[in-house]
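Accompanying notes for the structure given below.
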Amino acid sequence: MSVTVVVGGQWGDEGKGRVIDVLSDRVQVVARYQGGSNAGHTIVNPYGKFALHLIPSGIFNPKIKCVVGNGVVVDPSEMIREIDELNGRGITTDNLYISDRAHVVVSYHRQQDHLEEMARGEMGIGTTKHGIGPTYADKYARIGIRMCDLQDETTLRDKLTFALYEKQRLFKAINANVDLPFDQIFGQLRGYGKRLAPHITDTVELVHAELSAGSNILIEGAQGTLLDIDFGTYPFVTSSSPTVGGACLGLGIPPSAIGHSLGVFKAYLTRVGAGPFPTELTGQQGDELRGRGNEFGTTTGRPRRCGWFDAVLAKYAVRINGLNSAAITKLDVLDELPMLKVCIGYEVDGCLSDRVPADLRQFAQCKPVYEEMPGWQTSTRDVRKIEDLPAAAQNYVSRLTELIGRPAALVSVGDAREQLITLKNPFDWIA
């Protein structure tokens with residue numbers, strides 16, 4: 001039995017989905033443990049190109065069980081849309097299991113998210129407005145609706161009545177004219193419950209049965225470590241914990257079950273939305289990097305901010321997660337650059353620092369200290385072995401892994417499955 005967690009080591013969009021897609025043929029279970037439809041995993045495989053938001057990236061292998069854990073907030077309309085799209089393209093979803101304890105994104109959550117972001121004005125966080133934050137807020141306020149509630153008419157009626165009462169009070173207090181028709185919302189949720197009934201189950205029991213059976217389990221996070229609600233660049237963060245620790249809470253497994261953690265790092269750095277970004281490239285350089293990497297949000301289509309690799313943040317992610325190994329993705333995006341920079345520390349008040357401040361004003365004042373490295377200026381997209389990479393590209397990968405302090409298990413040089421280079425014996429942790 002082997003349990004491996006794959007997490008993002010940056011601000012998300014590192015390429016976790018394609019890593020899971022490639023590794024899924026080695027496991028019996030792929031499980032997602034947090035986030036919602038605000039996440040986006042782009043996958044290119046023999047079936048085509050897919051953008052997944054809720055369904056785990058292992059869905060393309062019909063032999064494995066794909067689990068949406070209790071820590072995920074599920075937008076039923078988005079889940080049904082993804083199921084229909086996959087089925088329409090010949091991909092079965094009979095192997096999809098959704099936790100009965102997962103909380104439901106209701107239409108009023110999306111309305112609330114939009115109103116809250118509008119109210120922030122220039123202080124906006126840059127949320128996707130998919131209702132994720134308000135759904136998690138209701139979860140902890142104990143007024144949330146869960147997937148199991150969609151299957152019980154009496155329970156749903158009682159819970160929705162109270163939830164709508166609370167939302168009406170909220171919207172009235174901010175003078176928002178929001179229509180909350182009980183019968184319409186109730187009927188919609190009941191319809192979702194009936195449609196998704198074949199997939200809703202006790203996933204805690206399912207996962208523990210697989211653990212007892214000695215199955216290999218691959219656990220998938222959404223977003224990235226720097227967007228963690230506790231350890232990210234608060235308040236410009238997501239509403240859950242996309243770290244290795246979050247996997248235990250989001251699936252109901254003990255920490256002792258986790259055998260390996262793989263951090264995914266882009267060969268440069270990107271960020272969607274607002275918040276400090278010490279190594280950000282603005283102007284032509286940033287635009288060119290964005291264009292080469294097709295850096296536009298899978299969920300929103302928003303252009304991602306781009307910058308140089310930040311080893312300070314990478315080492316921070318390693319510490320927070322206890323990462324065992326790293327995957328370096330999108331190396332090919334750097335193919336044309338004559339010179340590369342890597343941030344090896346911050347200058348703070350004339351001194352060198354490797355600390356990530358909690359205070360965003362302090363973080364915004366950190367000046368990156370760069371190490372320059374030569375580029376390779378030749379295509380790597382057809383390379384399939386690490387030793388066949390140009391010497392400068394090999395040196396760049398070696399330097400990144402040296403700085404973050406973890407060995408590289410994978411290096412990607414393109415979007416396709418075959419463009420993910422596996423280094424020598426990197427998966428001894430999978431039986």
> Considering the dipole of the chain built from charges on the beta carbon (Lys and Arg +1, Asp and Glu -1) around the Cα centre, which of Thr329, Cys366, Ser240 is farthest to its positive end?
Replying inline: Ser240
>> Counting heavy atoms of the protein chains only and a 1.4 Å probe, report the per residue accessible area for region 280-431 as a whole number of Å².
In response: 49 Å²
>> Sorting check: for 359-366, 239-246, 304-311, which peptide has the highest mean count of neighbouring beta carbons within 10 Å, and how do the rest follow?
In response: 239-246, 304-311, 359-366
> In a GNM of the chain with a 10 Å cut-off on Cα contacts, which of Asp382, Asp183, Asp228 has the highest mean-square fluctuation?
Replying inline: Asp183
>> Stokes-Einstein diffusion coefficient for region 194-321 at 37 °C in a medium of 0.692 mPa s, Rh from the Kirkwood formula over Cα pairs: what value in µm²/s?
In response: 193 µm²/s
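Select from region 34-99 those GluC sites (Glu not before Pro) which occupy a DSSP coil region and have at most 12 other Cβ atoms within 10 Å, ordered by residue number.
Values: sites: Glu78, Glu82, Glu85; in loops: none.
Answer by residue number: there is no such site.
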> Anyone know which of Ala102, Ala326, Ala274 comes out most mobile in the 10 Å Cα GNM of the chain?
Replying inline: Ala274
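Heavy atoms only, probe 1.4 angstrom, no DNA, RNA or ligands counted: give me Tyr370, Tyr165, Tyr268, Tyr316 ranked by accessible area, highest first. Before the final figure, lay out the partial values.
Working: Tyr370 75, Tyr165 120, Tyr268 0, Tyr316 35 Å².
So the residues, ranked largest to smallest area, are Tyr165, Tyr370, Tyr316, Tyr268.
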> Quick one: what does P(r) look like for region 309-384 with 10 Å bins over all Cα pairs, in whole %?
Replying inline: 16, 37, 32, 13, 1
> Which of (i) 46.7, 174; (ii) 22.9, 84; (iii) 21.7, 66 is the computed Rg and Dmax of the Cα atoms in Å for the structure on display?
Replying inline: (iii)
> Who wins for biggest fluctuation among Asn294, Asn45, Asn177 in a Gaussian network model of the chain, springs between alpha carbons below 10 Å?
Replying inline: Asn177
>> At 1.4 Å probe size, with the rest of the protein present, what percent of the exposed accessible area of region 71-156 is carbon and sulfur atoms?
In response: 49 percent
>> Rolling a 1.4 angstrom probe over the protein chains, ignoring ligands and nucleic acids, what is the accessible area of Asp94 in square angstrom, nearest 10?
In response: 130 Å²
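Within region 70-179, which trypsin sites (Lys or Arg not before Pro) sit in a loop by DSSP and count at most 10 neighbouring Cβ atoms inside 10 Å?
Details: sites: Arg81, Arg89, Arg101, Arg110, Arg120, Lys129, Lys139, Arg142, Arg146, Arg157, Lys159, Lys167, Arg169, Lys172; in loops: Arg89, Arg101, Lys129, Arg142.
Listed in order of number, the matching sites are Arg89, Arg142.
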>> Which one, Ala163, Gly263, Ala209, is farthest towards the positive end of the dipole of the chain when Lys and Arg carry +1 and Asp and Glu -1 on their Cβ?
In response: Ala163
>> Positive end of the dipole of the chain, charges at C-beta (+1 Lys, Arg; -1 Asp, Glu), about the Cα centre: which of Leu251, Pro56, Ile20 has its Cα farthest in that direction?
In response: Leu251
> How many percent of the accessible area of region 276-414 is carbon or sulfur, using a 1.4 Å probe?
Replying inline: 45 percent
>> Between region 308-349 and region 1-71, what is the separation of their alpha carbon centroids in Å?
In response: 23 Å
> Once the whole set of protein chains is in place, how much accessible area is left on Met373, using a 1.4 Å probe, in Å² to the nearest 10?
Replying inline: 20 Å²
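Please give the charge dipole size of the chain, origin at the Cα centre, charges +1 on K and R Cβ atoms and -1 on D and E Cβ atoms. Round to the nearest 20 debye.
Details: 45 positive and 50 negative charges, 56 e Å.
For this selection, approximately 260 debye.
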> Put Val178, Val3 in order of accessible area, largest first, 1.4 Å probe: what do you get?
Replying inline: Val178, Val3
> On average, how much accessible surface per residue is there in region 113-182, in Å², for a 1.4 Å probe, leaving out ligands, DNA and RNA?
Replying inline: 60 Å²
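Calculate, in nm to one decimal, what Ala416 and Glu347 gain on full extension: separation in residues at 0.36 nm each, minus their alpha carbon distance.
Details: separation 69, 0.36 × 69 = 24.84 nm, distance 3.90 nm.
Fully extending the segment from Ala416 to Glu347 adds 20.9 nm.
Top to bottom by accessible area (1.4 Å), largest first, where do Lys63, Lys330 land? Each step should come with its number before you reach the end.
Numbers: Lys63 185, Lys330 40 Å².
Heavy-atom accessible area, descending, gives Lys63, Lys330.
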> To the nearest 10 Å², what's Trp376's accessible area with a 1.4 Å probe?
Replying inline: 20 Å²
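Normalising by the residue count of the chain, find the relative contact order in percent from Cα pairs under 8 Å and 6+ residues apart.
Details: 937 pairs, mean separation 87.4, N = 431.
Relative contact order of the chain: 20 percent.
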>> Greater than 21 Å separation of Cα atoms is the criterion. Which listed pairs, Lys330/Lys367; Lys63/Lys194; Lys129/Lys330; Lys16/Lys194; Lys16/Lys49, meet it?
In response: Lys330/Lys367; Lys63/Lys194; Lys129/Lys330; Lys16/Lys194
> Ala141 versus Arg195, label points 7 Å from Cα toward the beta carbon: distance in nm?
Replying inline: 2.7 nm
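For every other residue with a beta carbon closer than 9 angstrom to the beta carbon of Arg290, add +1 if it is Lys or Arg and -1 if Asp or Glu, then tell me the sum. Mind dumping the intermediate values first?
On the way: positive: Arg292, Arg304, Arg305; negative: Asp287, Glu288, Glu295.
Net charge around Arg290: 0.
The values are calculated or read from the model by the stated rules, or taken from the named source; none is laboratory data. Just so it is clear, the structure is predicted and the values come from calculations on it, not from any experiment. Ideal geometry is used to build each Cβ from the backbone, glycine not excepted, and the neighbour counts take in all protein chains shown. Calculation scope for accessible area: heavy atoms of the full protein, side chains included, ligands and nucleic acids excluded. Shrake-Rupley method; radii C 1.70, N 1.55, O 1.52, S 1.80 Å.
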